[in-house]
Amino acid sequence: MVDVWSMVHAERAALIDDLSNIGDLQWEEPSLCEGWTVHDVAAHLVNAARTTRLGFVVGLARARFDFHRQNARGVRRERGASPQATLERLRQVASRTSTPPAPLDSRLVEEIVHGEDIRRPLELVRSYPADAVVRSLRYQVRTPASVGGARELVAGLRMTTVDADVSIGDGPEVSGPALALLLAVSGRRVPLDDLDGPGLTTLAAAI
């Protein structure tokens, strides 16, 4: 049985290492998450790591069942007075195993996708373990959009990785590196130049 938590913890540790080597000004760069800086995304990851099943439900109710409001509150709560303060909070939660009421694979998606939300604007490169990326991609394409997945987005398309023996779905093909496919189905337009195939136009329009 795959130890997903070990993958999650490895991604947290790798991101902490990367953030330890950037300047304060880089923390204020826009991330791939619209309206959020690198600092905001790091604070969101702190909040996500602290979230428990009960805490998620209570927080969502307080946010009047608005996921965006709930996330914004979490960022404000966990964003430190300085980048180093937020980085220290990230270190403190790096080994946690608490989770909202969602499949455990969602925690892996969170770490990889938000890791790229931070790294790509800063031109940082990570070589992710292939099994972690493929597992995240499989989770996203089978999960409804209402809970952060991409099932409706990729309906009628076939996702094929060129760096792993994986093909998911039926229909016009979209092919490319597994990481680029994962980011695209997670709503990021940045990796579209790395993708190809007759289904790419449909996917790009849906994003």
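Read the figures in this text as sums done on the coordinates, not as results from a lab. Remember, predicted model here, so these are calculated numbers, not experimental data. So basically every Cβ, Gly included, is an ideal-geometry build from the backbone, and we count neighbours across all protein chains shown.
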- Task: With +1 on each Lys and Arg Cβ and -1 on each Asp and Glu Cβ, and nothing else charged, work out how big the dipole of the chain is about its Cα centre, in Debye to the nearest 20.
- Result: 1120
- Relative to a virtual label point 7 Å from the Cα of GLN84 in the Cα→beta-carbon direction, which members of the range 7-45 show backbone nitrogen distances below 11 Å? 24
- Note on the structure: Taking placed amide H atoms and a strict 5 Å upper bound, the residues 5 or more places from GLY149 or on another chain that come that close are none
- Mind checking the full-extension length gain between VAL57 and ALA164? Use 0.36 nm per residue of separation minus the Cα-Cα distance, one decimal, nm. 34.8 nm
- Task: Let me know the whole percent of all Cα-Cα pairs from the chain that are separated by more than 21 Å.
- Result: 53
- Tell me the label-point distance for the pair ALA13, ARG91, using the 7 Å Cα-to-Cβ offset, in nm and rounded to one decimal. 1.5
- Query: Using the alpha-carbon centroid of each, what span in Å lies between the range 55-126 and the range 1-47?
  - Reply: 8
- Please grab the % of Cα pairs in the range 75-171 that end up more than 22 Å from each other. 42
- Quote the Stokes-Einstein diffusion coefficient, in whole µm² s⁻¹, for the range 4-122, based on the Kirkwood radius over alpha carbon pairs, a temperature of 37 °C and a viscosity of 0.692 mPa s. 230
- Would you kindly state how much longer the chain becomes between LEU104 and ALA72 on full extension, computed as 0.36 nm times their sequence separation minus their alpha carbon distance, in nm to one decimal? 9.3 nm
- When only DSSP loop residues count, what trypsin sites (Lys or Arg not before Pro) in the range 1-106 have their Cβ near at most 11 other Cβ atoms within 10 Å? ARG64
- Across the Cα atoms of the range 130-206, what radius of gyration and what greatest pairwise Cα-Cα distance (Dmax) are found, in Å? 10.7, 29
- Note on the structure: Simple SL model, points at 7 angstrom along Cα→Cβ for ALA130 and ARG151; separation in nm is 2.9
- So which residue, out of SER186, SER106, SER98, gets the largest mean-square fluctuation from a GNM of the chain using Cα contacts under 10 Å as springs? SER98
- Go through the range 158-170 residue by residue and turn each phi into a ³J(HN,Hα) via Karplus (6.51, -1.76, 1.60, θ = phi - 60°); whole Hz please, and just put x for glycine and proline. 10, 8, 10, 8, 9, 10, 7, 7, 9, 9, 10, x, 10
